[in-house]
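Following: one structure in structure tokens, then a few remarks.
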Amino acid sequence: MRHSGYERDKIVSALLKQFLPSAGGTAWAGEAALRRDIAAARLDGRTIAYLVASAGGELQLAHERSVG
């Protein structure tokens, strides 16, 4: 969310979007809040692995957008 190339509307995973702020980086409550939200969702290991992989892919795409 803090990356200059972050564009929420370009994120592919609907599940990942559930855990990201809807108003871009300005609504970001921080990593601790994200950890609480994920813990409260009681996701299984497979789903968490999917979220981690999706976030990594999205971070790479954000980087590509920011460098052109």
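The values are calculated or read from the model by the stated rules, or taken from the named source; none is laboratory data. Predicted, not measured: the structure shown is a model, and the values here were computed from it. Just so you know, the surface numbers come from the protein's heavy atoms only, side chains and all, with ligands and any DNA or RNA stripped out. Shrake-Rupley method; radii C 1.70, N 1.55, O 1.52, S 1.80 Å.
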### Task
For the chain, with all protein chains present and a 1.4 Å probe, just round the carbon and sulfur fraction of the accessible area to a whole percent.
55
#### Entry: Gaussian network model of the chain, Cα within-10 Å springs - most flexible of Ala33, Ala53, Ala14
Ala14
### Query
For the chain, what mean projected area does the convex hull of the alpha carbons give, in nm²?
4.4
### Message
On C-alpha positions alone, give me the angle between the axis of helix 31-41 and the longest principal axis of the chain, in degrees, nearest 10.
### Response
40
### Query
Against the longest alpha carbon principal axis of the chain, how many degrees, from 0 to 90 and to the nearest 10, is the axis of helix 45-67 turned?
10
